[in-house]
Amino acid sequence: MSDQGEHSITLSRTIDAPADELFAAWTDPALLEQWQAEQVEFEPFEGGKFRFETTDADEPGVSHVISGTIASYEQDCKLVELWHMEGEGSEHDSTLIVTFAPVDQARTEITIVEIAEAHADAESRIFSIEAWHEALNELAELLE
């Protein structure tokens, strides 16, 4: 059996925004729609449900939908989300752990850990790292 390291990716980045603003950008549907997905539903509390829908850039008639549950919600500090990509098997399910650590009053280090069986495959890890790197770039552009 593989250890968690073979099934996870981790990214960290410091963004020029206070933790409360960064956390809001991760939990407010109107802000999420500016950097994460085109259509967002998000219930910001433990046990809440979420749904992200995005149109495929290469195939405009195809949508990708991720839905899930918020397993842990610590205001301005940490989120744990259970993700499911609709139309895919459970091997594509993942757990997303996002922490928000203030560096000072104006900057926050955000760390993303994504755990998924699919990440046992190196190509899956590389794809997810690139996707999260781009998402963090868009988030930083929104807030900085």
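The values are calculated or read from the model by the stated rules, or taken from the named source; none is laboratory data. Bear in mind the structure is a predicted one, so any value in this text is a computation, not a measurement. Cβ sites come from the backbone with ideal geometry, for glycine too, and all protein chains shown count toward neighbours.
Some notes on this structure:
- Being among the polar types (S, T, N, Q), touching a helix residue (DSSP H, G or I) at 6+ places or on another chain (Cβ under 8 Å) and under 16 Å from D28 (Cα atoms) is a property that does not hold for Q39.
- Taking the conditions (1) in contact with a Phe, Trp or Tyr (Cβ under 9 Å, 6 or more places away or on another chain); (2) assigned to a loop (DSSP other than H, G, I, E, B); (3) over 23 Å from A140 (Cβ atoms) in turn, S67 satisfies each one other than (2).
- Region 70-85 - residue that is among the charged types (D, E, K, R) and outside any loop (DSSP other than H, G, I, E, B) and, of those, surrounded by the most Cβ atoms within 10 Å (Cβ to Cβ): E81
- Here I97, I70 are screened, and the one residue that is of a type in the set (A, V, I, L, M), over 23 Å from E123 (Cβ atoms) and at pLDDT 95 or above is I70.
- Residue satisfying condition, being farther than 30 Å from A122 by Cα, without any contact (Cβ under 8 Å) to a residue 40 or more places away in the chain and in a loop (DSSP other than H, G, I, E, B), within set E41, E46, E59: E46
- Checking each residue in region 86-144 for being under 22 Å from T54 (Cβ atoms), in contact with a Ser or Thr (Cβ under 7 Å, 6 or more places away or on another chain), in contact (Cβ under 8 Å) with a residue 24 or more places away in the chain and not in a strand (DSSP E or B) picks out A118, H119.
- In region 36-65, the residue that is surrounded by the most Cβ atoms within 10 Å (Cβ to Cβ) out of those that are at pLDDT 95 or above and touching a Lys or Arg at 6+ places or on another chain (Cβ under 9 Å) is F42.
- Residues being among the basic types (K, R) and at pLDDT below 95 - total across region 1-35: 0
- T27 being of a type in the set (S, T, Y) and more than 25 Å from A118 (Cα to Cα): yes
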